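Trainee: Dropping the structure in here first, questions after.
The values are calculated or read from the model by the stated rules, or taken from the named source; none is laboratory data. What you are looking at is a predicted structure, and each value in this text was computed from that prediction instead of being measured. Cβ atoms come from the backbone with ideal geometry, glycine included; neighbour counts cover every protein chain shown.
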Amino acid sequence: MRHRGFEIVKGYENAGVNLPVRKTSKAVGYDIEAIEDVVIPPFKNGIGPTIVKTGVKAYCEDDEWFMIISRSSGPKKGLMLANSLGAIDSDYYNNETNDGHILFQYYNMFDHDITIKKGDAIGQVIFQKFLITDDDKAEGVRKGGFGSTDK
């Protein structure tokens, strides 16, 4: 039985995706890479974050979720995740909109463009269990991908 892991997103099978790995036996997170080169312009008010694609999706059990976080070197490189950390539900996997593609939203805090190259480690994925309240009655069903649960 599968519990949690990573797969390549549909359409990226021949893109040279490296699935996330932990670099040491005590590491809490799985390092994840950019699947293509992307230029992140300097932050300006009114301009949204730049999406960095990974070509990767993750699956986990129904009572689990995973977070995507910036690497500790992110701030030194001028990168800041737009949402501090991304909380991704188990039903994001294989969703009908984007197949569960893990995407990072970055702002550039420097005054010059930052280029992320294909294969650069851009963040980490950490799996967690979650709890629900005694009176929880959630019955909704995910209808889309990135940012869809509030629609």
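Trainee: Pairs only if they're at least six apart or on different chains, beta carbon under 8 angstrom, first in the stretch 84-97 and over 16 Å from LEU131 (Cα atoms), second among the polar types (S, T, N, Q) and surrounded by fewer than 15 Cβ atoms within 10 Å (Cβ to Cβ); list them, first residue then second.
Mentor: ASN95/SER148; THR97/SER148
Trainee: Going through the stretch 68-78 one residue at a time, which ones are modelled with pLDDT of 90 or more, more than 15 Å from the chain's Cα centre (by Cα) and not charged (D, E, K, R)?
Mentor: In the first step, residues of the stretch 68-78 are kept if they are modelled with pLDDT of 90 or more; the result is 68-70, 77-78.
Cutting the leftovers down to more than 15 Å from the chain's Cα centre (by Cα) gives us 77-78.
Result: GLY78, single match.
Trainee: Residue by residue through the stretch 96-129, note down the ones that are modelled with pLDDT of 95 or more, more than 14 Å from the chain's Cα centre (by Cα) and under 24 Å from VAL141 (Cα atoms).
Mentor: Within the stretch 96-129, GLN128, LYS129 qualify.
Trainee: Regarding TYR30, is this residue within 13 Å of the chain's Cα centre (by Cα) and among the hydroxyl-bearing types (Ser, Thr, Tyr)?
Mentor: Working: within 13 Å of the chain's Cα centre (by Cα): yes; among the hydroxyl-bearing types (Ser, Thr, Tyr): yes.
So TYR30 fits the description; yes.
Trainee: Yes or no: VAL39 among the β-branched types (Val, Ile, Thr) and in contact (Cβ under 8 Å) with a residue 24 or more places away in the chain?
Mentor: yes
Trainee: Further, regarding this structure: Could you count how many residues in the stretch 8-21 are part of a strand (DSSP E or B) and surrounded by fewer than 17 Cβ atoms within 10 Å (Cβ to Cβ)?
Mentor: The number of residues fulfilling the criteria is 1.
Trainee: If the Cβ limit is 7 Å and pairs must be 6+ apart or interchain, which residue in the stretch 18-35 that is free of Cβ contacts under 8 Å to residues at least 40 places away in the same chain pairs with which residue that is surrounded by fewer than 17 Cβ atoms within 10 Å (Cβ to Cβ) and not small (Gly, Ala, Ser)?
Mentor: Correct list of pairs: VAL21/ASP31; LYS23/ASP31.
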